[in-house]
Every structure is written in structure tokens, then in C-alpha cells.
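J.: Structure below; questions to follow.
Just so you know, all these numbers are worked out from the coordinates, no wet-lab data involved. What you see is a predicted model, and the numbers here were worked out from it, not measured in a lab. Reconstructed Cβ throughout: ideal geometry from the backbone, glycine too, with neighbour counts over all protein chains shown.
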Amino acid sequence: MTDSAVLDSRPHSRRDVYRWGAITVIGVIAGYAAVLLANVRHYFTDDTESQYTALWVGLGRALRDGQFPVMVPEQWMSGNNTMDDAGLFNPPQLLIDLIAPSVDNVALYATVVKLIFSIIAATGVYRICLVYGARPAWSAVAGVAFPLSGFFLFFDQASWMTALTGTAWMVHAWASAVHYTRGPDAPGSRRAVVAGGPIPVFVFLYLTISTQYIFPAVEAALMLLAVAVGELVYQRKWQPVARLTVVSMCAGLAGLLTFLPSMLSAKVTWRGTSQINNDQFLTVPWSESLNASLPSSLPAFTSWWGYVQPMPLTYIAWFLIPALAFIDWKRARESWRELSAVALFAVIMLMWTAGPGSIGPLRWPVRVLPMLAIGLLVLVCVLLGRYGTFQNWKNRGIAAGVLILALWVRSFSADPYHAIWHVVAAIGIAAVGAGVVWLARERGIAAAAALTIVAMFPIAYFQVSAAQPTPMPWNLPADRAEAMAKFPDFTGTTLQLGERGLLQPADRDIDAAYGSLVFGNYARTLELKYVNGYTPTGHFYFGELLCMRWDSSVCPDAYRRMFAPEQSTGRPLVDLMKLDRVVLQRALFPDARGQAAPEGWKWVDYPGHERYIAVLERVDGPVSTVNGRVSDAKNVTATSISETDTTSRVRVTSEQGGRVVFARLGWPGYRVTLDGKQIPITTVAKSFVAVEVPAGTQNAELVLTWRPPGWKIGIAAMAAGLAGLGLLQWMYVRSRRRDDDAGIQERPASEPERELANVVS
């Protein structure tokens, strides 16, 4: 190639698309291998080990038993699965849940599942690049780079599973949305009726929404807004945008059932409803984006670890900023309309990263850094493929050097303690960048793209290695069978009173504290019935009652509170909750065993576990299975008839009128009938479901049921969304057939066709 040649101006074939698509998949796998060499538990840390994998096991066991686990009452705050990232209406997630109980090594299972979704995410970015006219080679570069970008690698993949899955589906929704609006003439489009129609847009948007994590849903809405504005600017026609708007609304209607329960229950949760607050915690100054290409960068903003972060969270890709010097910006201006959606999306996300700190359930703006990475990777790789040039290559090399210097200056300013490493990183990307430029000129774009991708793997390895030991570990056991064998066989319903912050590094082992204590959702991994669980939303009043936090840790006053009489019933919380056992962490309650057991309880020895726990059990045996979930009855005779997770049937009699209290947390969604007639429902201590039984009630059937709030509206909305999709698909097929028929009529008839016409005549 000559110095004035663009990097690649040849049209690409379908074979190129598939070949580079395969390279994208291989690149993701290679990147995974590099990360695992640096830390074999990288994809099994923080929320993944404490929340998600155990949740999968618990949900999978329920599904195998023929139950749809919308509610698990004995898990109390973490038992309402319509609130917390369970993805109950997401088919791929249900498949993950079904498989989970059969896999003993949950770390291995999480790693494999995340690899699959990282491939889905990478191929989605690859598709976005293609649909905007990028060359397959540069599309593959963007696809492989995204899973190795800083925040996505260290948080969404390592910890926040639903952020990973939601993003993976969202990027495919983006590509499909552009296909749908631009039709069969869009770059990378296929002639199949389904491939470019409304169905892929609907399916990917629904999968994004139904992950049950609010961030991907909102990010998808902003993506659709950007695409709609961009297509109006590009096509200057409103009809394609109208079709996209309608199919998006249909997907939103179908996904309404996912979020209605949490929206209608928000008033009793920690998160509240629609408060907007602004603070500096996990908000990212725009200037930190100048760290996007220096692998050693440790950005400066406030988080759990102070001001300078221990991980390169704002890093995107080593080539991203220096490559700007090799784009012919005069020619690139020709495509500003076509690429306006990508630029708009990137600008929106850049603005969001800086705050406000929380908007209702949307907190911590740092979470949208992967969206900024997607926008910038797509924009730069599309421009490189279409307008990359070596004209005046010496000047461009100097410009690239200046950009690298700017990266170094910003990274040094944020983290002056590692100045030497920043110098080494800057020299490294300059050297590799020079190699990519040389290969592009001498060997072609394929070789240059290959080196660009290969350079990502050692960078990922060193970045993960430098962040060790990971600052987010729980170090929960990965082998379920081993953990279950070493843990006490606690039957019935158990409450643990403990504080995770008291665990020392040496305690975080199956042969130490994790052989006796549970935190987060660990009890579900062990297949035990514990009140304790992981809950990012939480029930405000119940949490205050027990002083219990999101990871199930409690305050030192929890022991007294559990055995103190509740004011209106006179019964202690352990009775109202129908607990069979209370486990005390010795580090939090060092003198508990030296005190007399509360009335009706006894201290029980569990040899080999005395170092970490002291155990109280009831003198008269378990109560959780006695008389259903009726925990208190005042002036009422209440006898349980039957129990399920969502329904309590009780035979009641009360001459003067009274009250029945249930061992159920008072989530919105409960209703009660007495002999088929609906009566009011109330709560005790704003936490326990209670029913006032009218005077003169004789041998009546009281039926207490719980359904997710708004479930009827959600089902109706889903039906309406599916009906709308069917109509859109019918219109799409008709228009395609009409266009095909018009094309056939305009085409000159061939000799065989003319002969056939004569025969017919």
C-alpha cells in the first residue's frame, strides 16, 4: 500500500464477515484465558460468589420441584424474587438456573456462563460496527476489545452478572434496531425475512429488560433514543423511526411484568421511589476519559477504596486514542449523519458518568462506563475502517505521540505514585502502535488488526495481575459438595446473627469461618433454610427491626431485639418469625454462651464449630412446621389447612373478633379472603402480615395469598406487546413481498421466461 492509501477501502464479502466473526469469538476466549492465568477466580468474586451463583442454585432447585419461585417466605428480605435480579421472566436465565444444581463447582460454572455472555456481548459490538459500515477486521477489533475494557472486565464480568447479561442482549438490540430502520440495504443486512424485521429487535430488547436489572433497561431506552435521532438525521424520513418506536414500545410492554412488582413495592424498600441525590461517590469526572488508552491508568474518583482506584476502571482499549491520529477527518465528515447515533449515545453516557449520584434506583454513575466504551469503540473502529489513512504518516505519527503523552500526563496526574509504570505503558503502546502501522502498510489490514487484537491479551493479564489480591473478594467456597459436607446439618429455619466485617482473611475458608457461618446467599449454595440472604433492595422496616443489612450482617443489638417482646403482640421476634434456631457469631457476641439461654431455648453444642458460632435451639423442638405460618393468634382459633410459598389457608373462629399474625414479611401484593369475601389486611411492626378477623366468625376459611403487585397489568401488557409484534411482522412481510414483486416486474424477462409466456398464451 502507498502512504496515501486508506487502511481498507475494498467491499467485504459474507465470507469475511463470518471469518472475522469467528476471530472475534476466538479473541474473547483467548482474552479469558489471559485473565484466568492472572487470577483463576476473577469471574467468581464479590456479588457473583455472594449473590448470583447461590441464587441460581436456589431458583434451580425450586424449578426442578415444579415451583415458580416468585416468593420464598422463610428467606424474608431476600425471598421476594420479583425484587432482586432473579430474572424470573428471562428464558436464558431460567436455563442457567435449571442447570446450576447439577454443578458442584460454582466458580467453574460462573466462569463458563460468563464466557458465553461475553462472547454474546463481543459479537453484538461486532454487529453494531458492521451495520454502520465498518470493515469486518476493525469490527472484530472492537468486539474483542470490549470484554477487556476496564470497568466491564473488573466489575460487570467479575461481579455484577446481570450487568453483563443485560449489556450482552442490549448491543444486539442496537444492531437489530439499525437493521430494522435501514432495511435490506443497510450494511451487513441479510435478505431473510426475520433477520432484519421487528422480531430480533423485540426479542433482544425483551431479553435486556427481563434480566431484571434496571441499568441495561434504561441504557437500552437511551440507545433507542440515540438510534431514532440518528436515523432521522441520516435518512430524513420519519416512517422507519416510527416503526422502531412501535416495536420498542411493544418490547417495553412485554417487559413491564419484570419491573412492575419492584416499582409498586419501592415504598417499603431501602431504595425508596424517585429521589434524586448528587454526591461524589462513584461519579467519574470527564477528564478521566483521557485515561482510556493507557493500560497502567488508575483513575481518581471516590469509591470504596478511597480516591485513587486499584484497578484501571476507565481504560477502554490501548489503541483507541492514538488511532485518532490516523483518521482522515476531512473525509470522515461525510459520514457524520450516518454515525450521529453512535456519537450521541457516547455523549449521553459521558455526561451520565459525571452524575447525579443517584436517580431513584439508578445509583453510582460509574456503572455506565461500559456504555461509553461501546460508543467510542464503535465510533473509532468504524472511522478507522472507512477513513483510516497514512497520508503524511510522519506528521500523524507525531500526533499519535502527542496523544500518548496526553494519556501519560492525565494518568500521572491521577496516580503519581506509579509514574514509572505509566512511562513503561506509554512506551509500550507507542511501540505496538508503530508495529500495527507498519503491518498495515506492508502486510495489509488483516495483519494489523490481528496484532491490535493480540496485544490486548498481555495487557489484560498484567492489568489483572497488578490488581491482585483482588480488592473485592469474599473467598466463598467454590465446591458445593465439600462445603455441604463440612457445614452443620441445620434442619428447619435458621437465623444467623453475625457481622461479615469481623471476618479476618484467615477466616475466609471452608476449614475456618465458612464451615460454620453464612453471609450473602451462601446458605442457598448449602441448600439450607436460612433467613439470611443477599438483598440489594431490602425491606426497610424489617431491616430496621433486626438492624440487618444487605449482606445479612447485623448490629450487636440484634440479639436483644430478637428475644425482646414485640409491643402489640407481646411475642418476641423469634416467635413471630417461627425460627427453629439462632446462630450467634462468636466474634460479635463473645460472651453470649456464658449467659443463660432465653426462656424456651437451650444452648446446643456442634463439635468442631465452637470457635465461630454459638447455637440456640428450641427446647420443645422445631416450630417452623407447626400450624403452617400462623405465628400468633389473639382471640382467634386459627388452624392451618394448607401452605404454599404464596398461599396460607387457615380455619378460623372468633366470637369477639381478633387478629392472626403470619410468619410472612409484609411485601405489597398480599390479599386475604374470609369464606370468599375480601377483607382488609394489615401488618405488625410494619413487617409481619396480619389479618383482623371479624367478631362472630365461625369455622370460616381464611385464605391469604400473595401475587406480584401489578401482575395482571403485566400479563395484559405482555399480551398487548406480543399482539403488536405480530402486527408489525405481518406488515413487514407484506412490504418485503411487495418490494420483491416490484423488483421482479422491473427485471427484463429471460429467454426461458418469454418462451413460457408464449406457451401460456
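J.: Under the Karplus relation 6.51 cos²θ - 1.76 cosθ + 1.60, θ = phi - 60°, what is the ordered set of whole-Hz ³J(HN,Hα) values for the stretch 39-54, x standing for Gly and Pro?
T.: Values per residue, Gly and Pro as x: 7, 5, 9, 4, 8, 9, 9, 6, 5, 5, 7, 8, 10, 6, 4, 5 Hz.
J.: I've got another one for you. What are the residues whose amide H is under 5 Å from the amide H of residue 71, where those residues sit 5 or more places off or on another chain and H is modelled from the backbone?
T.: Distant-sequence amide H within range of residue 71: 81.
J.: How much net charge surrounds residue 402 when only the other residues with a Cβ under 14 Å from the Cβ of residue 402 are counted, with Lys and Arg +1 and Asp and Glu -1? Don't skip to the end; give the middle numbers.
T.: Numbers: positive: 394, 396, 410; negative: none.
Here the charged neighbours net out to +3.
J.: Which listed residue (663, 685, 641) has the Cα farthest towards the positive end of the charge dipole for the stretch 630-709, taking +1 on Lys and Arg C-beta and -1 on Asp and Glu C-beta about the Cα centre?
T.: Positive-most Cα among the choices belongs to 685.
J.: Mean separation of Cα pairs under 8 Å and 6+ residues apart, divided by the residue count of the stretch 480-613: what relative contact order is that in percent?
T.: On the way: 172 pairs, mean separation 38.6, N = 134.
This gives 29 percent for the stretch 480-613.
J.: Could you work out the local net charge near residue 484, counting Lys and Arg as +1, Asp and Glu as -1, over the other residues with Cβ closer than 15 Å to its Cβ? Spell out each step's value before the answer.
T.: On the way: positive: 61, 480, 486, 524, 529; negative: 104, 479, 482, 489, 511, 527.
It works out to a net charge of -1.
J.: Another question, if that's okay. Ranked by Cβ crowding within 10 angstrom, fewest neighbours first, how are 529, 602 ordered? Write out the running numbers ahead of the final one.
T.: Details: 529 18, 602 13.
The most exposed by this proxy come first: 602, 529.
J.: Looking at the square roots a ≥ b ≥ c of the eigenvalues of the Cα gyration tensor of the stretch 662-715, which shape do they give, rounded for a/c under 1.5, prolate if a/b is larger than b/c, or oblate?
T.: On the way: a/c = 2.75, a/b = 1.37, b/c = 2.01.
Taking the square roots of the gyration eigenvalues as a ≥ b ≥ c, the stretch 662-715 is oblate.
J.: On to the next question. Quick one: grab the alpha carbon gyration tensor of the stretch 248-350, order the square roots of its eigenvalues as a ≥ b ≥ c, and give me rounded if a/c is under 1.5, else prolate or oblate depending on whether a/b is larger than b/c.
T.: On the way: a/c = 3.08, a/b = 1.34, b/c = 2.29.
It comes out oblate by the Cα gyration axes.
J.: Report, in deg cm²/dmol and to the nearest 500, the calculated mean residue ellipticity at 222 nm for the chain, where each DSSP H run with n ≥ 4 adds -39500 (n - 2.57) and the sum is divided by the residue count.
T.: Roughly -14500 deg cm²/dmol at 222 nm, from the helical runs in the chain.
J.: Under 13 Å from the Cβ of residue 539, count the other residues' Cβ atoms, weight Lys and Arg +1, Asp and Glu -1, and hand me the total.
T.: With Lys, Arg at +1 and Asp, Glu at -1, the neighbours total +3.
J.: Return the sequence-ordered ³J(HN,Hα) values of the stretch 661-668 in whole Hz as given by the Karplus equation 6.51 cos²θ - 1.76 cosθ + 1.60 applied to θ = phi - 60°, using x for Gly and Pro.
T.: 3J(HN,Hα) across the stretch 661-668, in whole Hz: 10, 10, 7, 9, 6, x, 5, x.
J.: Show the residues, 5+ positions off or on another chain, whose built amide H is closer than 5 Å to the amide H of residue 496.
T.: Answer set, sorted by chain and number: 531, 532, 583.
J.: Specify which residue in the list 505, 574, 488 is farthest towards the positive end of the charge dipole of the stretch 480-613, using unit charges on the beta carbon of Lys, Arg (+1) and Asp, Glu (-1), about the Cα centre.
T.: So the residue furthest toward the plus end is 574.
J.: Here's something else I'd like to know. With a ≥ b ≥ c taken as the square roots of the eigenvalues of the C-alpha gyration tensor of the stretch 480-613, please select rounded if a/c is under 1.5 and otherwise prolate if a/b is larger than b/c or oblate if it is not?
T.: In terms of gyration-tensor shape, prolate.
J.: With a 10 Å Cβ neighbour count serving as the proxy for reagent exposure, in which order, fewest first, do 542, 326 appear? Display every interim value, and only then the final one.
T.: Values: 542 22, 326 25.
Ranking 542, 326 by Cβ neighbours within 10 Å, fewest first, gives 542, 326.
J.: If you line up the long axis of helix 239-254 against the longest principal axis of the chain, both from Cα atoms, how many degrees apart are they, to the nearest 10?
T.: 20 degrees
J.: Nearest 10 degrees is fine. How inclined is helix 711-746 to the longest principal axis of the chain, computing both from alpha carbons?
T.: Between the helix axis and the principal axis of the chain, the angle is about 20 degrees.
J.: A follow-up question, please. Using θ = phi - 60° and the Karplus curve 6.51 cos²θ - 1.76 cosθ + 1.60, what whole-Hz ³J(HN,Hα) does each residue of the stretch 636-653 get, with Gly and Pro shown as x?
T.: The phi angles translate into 9, 8, 10, 10, 5, 9, 7, 9, 10, 4, 10, 9, 10, 10, 9, 8, 10, 9 Hz.
J.: Sort 586, 581, 664 so that the residue with the fewest other Cβ atoms within 10 Å of its own Cβ comes first and the one with the most comes last. Could you put the intermediate results ahead of the total?
T.: Numbers: 586 20, 581 23, 664 26.
Fewest-to-most ranking of 586, 581, 664: 586, 581, 664.
J.: Sticking with this one: Enter the angle in degrees (range 0 to 90, nearest 10) between the Cα long axis of helix 751-760 and the first principal axis of the Cα atoms of the chain, meaning the one along which they spread out most.
T.: 70 degrees
J.: For the charge dipole of the chain, defined by +1 on Lys and Arg C-beta atoms and -1 on Asp and Glu C-beta atoms about the Cα centroid, which residue among 535, 699, 280 has the Cα displaced farthest towards the positive pole?
T.: About the Cα centre, the residue reaching furthest to the positive side is 280.
J.: Hey, another quick one. Search the structure for amide H atoms under 5 Å from the amide H of residue 391, placed 1.01 Å from N in the peptide plane, and list their residues when 5 or more places away or on another chain.
T.: Amide H neighbours of residue 391, under 5 Å, 5+ apart: none.
J.: Once you charge only the Cβ atoms, +1 for Lys and Arg and -1 for Asp and Glu, what is the size of the charge dipole of the chain about its Cα centre, to the nearest 20 debye? Write out the running numbers ahead of the final one.
T.: Values: 64 positive and 57 negative charges, 375 e Å.
Using only the charged Cβ atoms, the result is roughly 1800 debye.
J.: Something else: Place a +1 charge on the Cβ of each Lys and Arg in the stretch 397-502 and a -1 charge on the Cβ of each Asp and Glu, then give the dipole magnitude about the Cα centre in debye, rounded to the nearest 20.
T.: So the magnitude is around 340 debye.
J.: Still on this model: So what is the relative contact order of the chain, in percent, for Cα pairs below 8 Å that sit 6 or more residues apart?
T.: Working: 1427 pairs, mean separation 121.1, N = 761.
Relative contact order, the chain: 16 percent.
J.: In addition: Past 25 Å, Cα to Cα, is the threshold; run 634/712; 578/634; 578/686 against it and keep the listed order.
T.: Beyond 25 Å: 634/712.
J.: Can I ask one more? Which one, [x] 36.5, 130; [y] 29.7, 108; [z] 26.9, 88, gives Rg and Dmax of the Cα atoms in Å as derived from the coordinates shown?
T.: [y]
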